[in-house]
Amino acid sequence: MSALLRHLLSLGLVTMLAACATPLPPAPVAELAPTGRLRAAINFGNPILATKEAATGELRGVSVDLARELGRRLGVPVELVTFPAAGKVVEAVTAAQVDIGFVAIDPVRGAGMLQTPPYVIIEGAYLVRNDSPIQSNAEVDRAGNRIVVGNGSAYDLHLTRELKHARLVKAPTSPAVTDLFLAEKLEVAAGVKQQLQADAKRLPGLRLLDGRFMVIQQAMGLPKGRDAGARYLAAFIEEMKSSGFVAAALARHRIEGAAVAPAAR
């Protein structure tokens, strides 16, 4: 194949990929970064989204990468505002104390903010003791069972709506769920599957129930009234998924238990 032909084919491929990409509308910097900085709420209580290095305090994760890429495209510096729990992120976004946040799609949370389509999908799982009589997810919602969840987490909101017989117990944050589960001798712990798997390896005598009890769609959120910003963020998320940015971030940070969300319809 001649060099000219290879060049023309390459140009054709680039043109085809560009035509398939979701076009970004003009960046509404005044809505996304009204202070001249992009204030991004980062929840390091969910290890799939972000973690904080113990030695250095450095933040890493897919949500951190997305915030920095968004700031680069807007041409503004990024200020990472950290929170230990998703509920605190929701409060900060709703009150416009930050410009963007990374939260699960939920009707309760959606009532106080604007949200994009999802960028990753995460599984929620149950953890029990090895000697627990509970063998399946279907056996969890029974009278006498106490389920501990992170206060204000997506699991808390979901189970608050869905449970008919079991009782919820609230831990202050999602990472504290298993410790409270053991300390209070509760029947079930609920949370991010990856976090509970790590706890089961860290602590003896624990097992995860097979399967999942819910699927969480993680999205970007921003304060209400910033409609142009919401349109830009929606297109931005679609491009980050289709370009492979989100998949590469999950691989780079060695994240298991999460998948790139499908393209929005």
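The values are calculated or read from the model by the stated rules, or taken from the named source; none is laboratory data. Keep in mind that this is a model prediction, so the values were computed, not measured. Counting neighbours? That spans all protein chains shown, and the Cβs are built from the backbone with ideal geometry, glycine included. The accessibility values were calculated without ligands, DNA or RNA, using every heavy atom of the protein model including side chains. Shrake-Rupley method; radii C 1.70, N 1.55, O 1.52, S 1.80 Å.
In summary, helices (runs of 4 or more DSSP H) completely within the stretch 129-213 and bearing 2 or more residues that are among the small types (Gly, Ala, Ser) occur at 193-202. For first residues located in the stretch 226-255 and closer than 16 Å to ALA40 by Cβ, partners that are of a type in the set (Lys, Arg) and lie 6+ apart or on another chain with Cβ distances below 8 Å form the pairs PHE236/ARG73.
Of the residues making up the stretch 73-114, just one is touching a helix residue (DSSP H, G or I) at 6+ places or on another chain (Cβ under 6 Å), over 25 Å from THR51 (Cβ atoms) and of a type in the set (Gly, Ala, Ser), namely GLY112. Among residues of the stretch 50-92 being among the basic types (Lys, Arg) and under 25 Å from ALA30 (Cα atoms), the one that is surrounded by the fewest Cβ atoms within 10 Å (Cβ to Cβ) is ARG72. Looking across VAL192, VAL215, VAL188, one residue alone is under 18 Å from THR160 (Cα atoms), in contact with a Leu (Cβ under 8 Å, 6 or more places away or on another chain) and in contact (Cβ under 8 Å) with a residue 40 or more places away in the chain. It is VAL188. Surrounded by fewer than 19 Cβ atoms within 10 Å (Cβ to Cβ) and in contact (Cβ under 8 Å) with a residue 12 or more places away in the chain: does that describe ARG109? It is false that ARG109 is surrounded by fewer than 19 Cβ atoms within 10 Å (Cβ to Cβ) and in contact (Cβ under 8 Å) with a residue 12 or more places away in the chain.
Quick one: count up the residues across the stretch 216-236 that are in contact with a Ser or Thr (Cβ under 6 Å, 6 or more places away or on another chain) and over 20 Å from ALA86 (Cα atoms). First the steps, then the outcome.
Residues of the stretch 216-236 in contact with a Ser or Thr (Cβ under 6 Å, 6 or more places away or on another chain): 219-220, 233-235.
Then keep just the ones that are over 20 Å from ALA86 (Cα atoms); that gives 234-235.
The number of residues fulfilling the criteria is 2.
Does LYS164 satisfy the criteria of being more than 18 Å from the chain's Cα centre (by Cα) and open to solvent by 20 Å² or more (accessible area, probe 1.4 Å)? Taking the combined requirement at face value, the residue satisfies it. Considering only residues in the stretch 1-49 that are within 30 Å of GLY257 (Cα to Cα) and of a type in the set (Gly, Ala, Ser), the one that is modelled with the lowest pLDDT turns out to be ALA21. Restricting attention to the stretch 50-94, the residues that are hydrophobic (A, V, I, L, M, F, W, C), modelled with pLDDT under 90 and touching a Ser or Thr at 6+ places or on another chain (Cβ under 7 Å) add up to 2. In this structure, ASP210 qualifies as touching a residue at least 60 places away in the same chain (Cβ under 8 Å) and surrounded by fewer than 21 Cβ atoms within 10 Å (Cβ to Cβ). Go through the stretch 140-159 residue by residue and tally those that are polar (S, T, N, Q), open to solvent by 60 Å² or more (accessible area, probe 1.4 Å) and at pLDDT 95 or above. The qualifying residues number 0. Here VAL188, VAL128, VAL140, VAL177 are screened, and the one residue that is within 28 Å of THR94 (Cα to Cα) and hydrophobic (A, V, I, L, M, F, W, C) is VAL177.
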